[in-house]
Each structure stands twice: as structure tokens, then as C-alpha cells.
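Asks: Can you keep this structure in mind? I'll have questions shortly.
The values are calculated or read from the model by the stated rules, or taken from the named source; none is laboratory data. Values in this document were obtained by computation on a predicted structure and should not be read as measured data. Cβ coordinates were reconstructed from backbone atoms using ideal geometry, including for glycine residues, and neighbour counts include every protein chain displayed. For the accessible areas, the whole protein counts, side chains as well, though only heavy atoms, and no ligand, DNA or RNA atoms are used. Shrake-Rupley method; radii C 1.70, N 1.55, O 1.52, S 1.80 Å.
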Amino acid sequence: MSENPSPACKSVAIVQSNYIPWKGYFDMINLVDEFILFDNVQYTKNDWRNRNQIKTPNGKQWITIPVYQKNLKQMIKDTLVLNNIWRKKHWKTIIQNYSKAKHFHVYKALFERLYFDSNEKLLSRINHQFLVAIC
């Protein structure tokens, strides 16, 4: 039996969506042939699905997308964002903390579009938009 995988074999990663995930998440995407967002599972409140931390001069700061949780059995794919106020607030926080970073000017327009050129109301789709843009 050969130890080499057949040409038909593919590597797959299946994970839940996250709001602006950590570098290792993108490393995983880069290492597999197929990447699947598994959002047909229960949404967990105050988890990485709708929030993350950024580095600031004063330490880490949470940025959170406010969502509506109808019940504990709600799936990630069905989780709605409460409003779009978070978009302006998050962008302002990012500008305040990263505008002087060495390569910020290279990515500024991309991220600004992510925050302001979408009216998407489903959390999972917002996360997907960020993932695709960052990839």
C-alpha cells in the first residue's frame, strides 16, 4: 500500500465563522483544498462569532457586533445583527489604533469598504465578507 495519498484526496477544514479571526485561522485556510464555514450549529453568545480583540496602546480592546439572540437554539447562520451602528464605531476604533501602522495605507480602502459598502444583516454573511476580502 502506498503512503502517498491518491490524487482524488483533498484536505478539508470545517470551522465556524469568526469576526476578523486570528492569523492561524487564515493559515488553516491556506493549508487546505476545501474550506467550509460550519454555521448550521448553535450560536453562542459573546463568543468569537461576533467579537474579537484588537491591540491598542492601552492593551487589548474588544470590538463586538451587536446581535439579536432569539433563543438558545438559534443557529449561527440565522443570527441577525441588531443595527449598523457597530460599523462606524469599529472603523473609528481601527483608525484610532492603526492609522499610523506601517502598511495601514495599503489596506485602508479595502477595510473601509467592508465596513461601509454593505448593509448585510446576517452575522455569518458579514464574517464571510471579511474572510473573503482578507484572503
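Asks: Looking at I54, I36, which one is open to solvent by less than 80 Å² (accessible area, probe 1.4 Å) and either farther than 15 Å from F130 by Cβ or assigned to a helix (DSSP H, G or I) (or both)?
Replies: Result: I36 is the single residue among I54, I36 that is open to solvent by less than 80 Å² (accessible area, probe 1.4 Å) and either farther than 15 Å from F130 by Cβ or assigned to a helix (DSSP H, G or I) (or both).
Asks: Restricting to the range 39-51, what's the tally of residues that are touching a residue at least 12 places away in the same chain (Cβ under 8 Å), surrounded by fewer than 17 Cβ atoms within 10 Å (Cβ to Cβ) and in a loop (DSSP other than H, G, I, E, B)?
Replies: 4
Asks: In this structure, does I65 turn out to be within 29 Å of V41 (Cβ to Cβ), modelled with pLDDT under 95, in contact with a helix residue (DSSP H, G or I) (Cβ under 9 Å, 6 or more places away or on another chain) and open to solvent by less than 90 Å² (accessible area, probe 1.4 Å)?
Replies: When the stated conditions are applied, I65 does not pass them.
Asks: Within the range 108-128, how many residues are loosely packed, with under 14 Cβ neighbours inside 10 Å and part of a helix (DSSP H, G or I)?
Replies: 5
Asks: If the Cβ limit is 6 Å and pairs must be 6+ apart or interchain, which residue in the range 1-22 that is farther than 30 Å from Q53 by Cβ pairs with which residue that is modelled with pLDDT of 95 or more and open to solvent by less than 80 Å² (accessible area, probe 1.4 Å)?
Replies: As it stands, the answer is K10/E34, since those pairs meet every condition given.
Asks: Only one of these conditions is not met by T79: (1) exposed (fewer than 14 other Cβ atoms within 10 Å of the Cβ); (2) touching a helix residue (DSSP H, G or I) at 6+ places or on another chain (Cβ under 6 Å). Which number is it?
Replies: Of everything listed in (1) exposed (fewer than 14 other Cβ atoms within 10 Å of the Cβ); (2) touching a helix residue (DSSP H, G or I) at 6+ places or on another chain (Cβ under 6 Å), T79 misses just condition (1).
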